[in-house]
Amino acid sequence: MTAVLVAHGTRKSSGVQMVGELADRVSAQLRQPVRVAFVDVLGPTPAEVLRGVDGPAVLVPAFLSSGYHVRKDIPEHVEASGHADVTVTAALGPCPQMVQVMVERLLESGWHPGDSVVMAAAGTSDPDAQRDLRVTATLLSAAIGSRVELAYAATGEPRVADAVAQLRGRGARRVVVASYLLADGLFQDRLRDSGADVVSAPLGLHPGTVRLITNRFRRARVSRDSWSLTGAHRR
């Protein structure tokens, strides 16, 4: 089984390096190489990676919601590759594991109960992805025991800086931004420039994220092996 981690892509070298390091950490736990592909900004694309491999392949979308890239771009790349045996897993969110990673990042950043929190996502115009983000914000609110405001670094309203300003206007003493981004890059820079007192780190290299991606690969492999034993054909 060829393992492929599919990420968005960024022009910022530190973000590209973070995705590569994430793949290396997953590879160490999975005990096999993990290739990296990108759907935007840079390559190789999933189609290019798949054209270069033989045998079954599993693609894990390194996206925090099931938006356009997951539902449309990745399937189109799989189709364009001509590869006959590809399994694409679910995106990384929404799920309790990623919420727990956010909570731990908040604690690392210096968040304290009583701080006002903005959960900052990249943003999307996709209704399914918007729903995923609202679910995640609700789960985070429950996890920390106080209301979390959802805001966006790019597409959608309110923007992160506006949400921070609104909370200050309501009398918030400290505002903390919980990054719901996988890797460093332009969007994380926008969170840092939002005027918040504290901004948590991206989620990509947290051990919980590594475990979740590793488990996605393992479950897909077990599922495929089970189908093979029954004589079923996966495409």
Exactly one of Arg234, Arg224 is at pLDDT below 95, open to solvent by less than 70 Å² (accessible area, probe 1.4 Å), part of a helix (DSSP H, G or I) and among the charged types (D, E, K, R), and that one is Arg224
Picked from region 166-181 (must be outside any loop (DSSP other than H, G, I, E, B) and either among the polar types (S, T, N, Q) or open to solvent by 60 Å² or more (accessible area, probe 1.4 Å) (or both)), the residue farthest from Val60 (Cα to Cα) is Gly169
Just one listed residue, out of Asp162, Asp184, is of a type in the set (D, E, K, R) and either in a loop (DSSP other than H, G, I, E, B) or in contact (Cβ under 8 Å) with a residue 24 or more places away in the chain (or both), and it is Asp184
Of Ser116, Ser66, Ser125, Ser81, the only residue that is farther than 18 Å from Pro202 by Cα, assigned by the TED database to the domain that holds Ser223 and more than 16 Å from the chain's Cα centre (by Cα) is Ser81
So, first residue on the phi > 0 side of the Ramachandran plot in region 54-70, second residue open to solvent by 10 Å² or more (accessible area, probe 1.4 Å), Cβ within less than 8 Å, six or more apart or across chains; the pairs are Gly55/Met1; Gly55/Thr2; Gly55/Asp85
Okay, helices (runs of 4 or more DSSP H) sitting entirely in region 44-153 with 1 or more residues that are open to solvent by 20 Å² or more (accessible area, probe 1.4 Å) and under 22 Å from Gly15 (Cα atoms), I get 46-51, 96-109
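The values are calculated or read from the model by the stated rules, or taken from the named source; none is laboratory data. Since the structure is predicted, the reported quantities are computational estimates derived from the model, not experimental observations. Cβ sites come from the backbone with ideal geometry, for glycine too, and all protein chains shown count toward neighbours. Side chains are part of the model used for accessible areas, which takes the heavy atoms of the whole protein and leaves out ligands, DNA and RNA. Shrake-Rupley method; radii C 1.70, N 1.55, O 1.52, S 1.80 Å.
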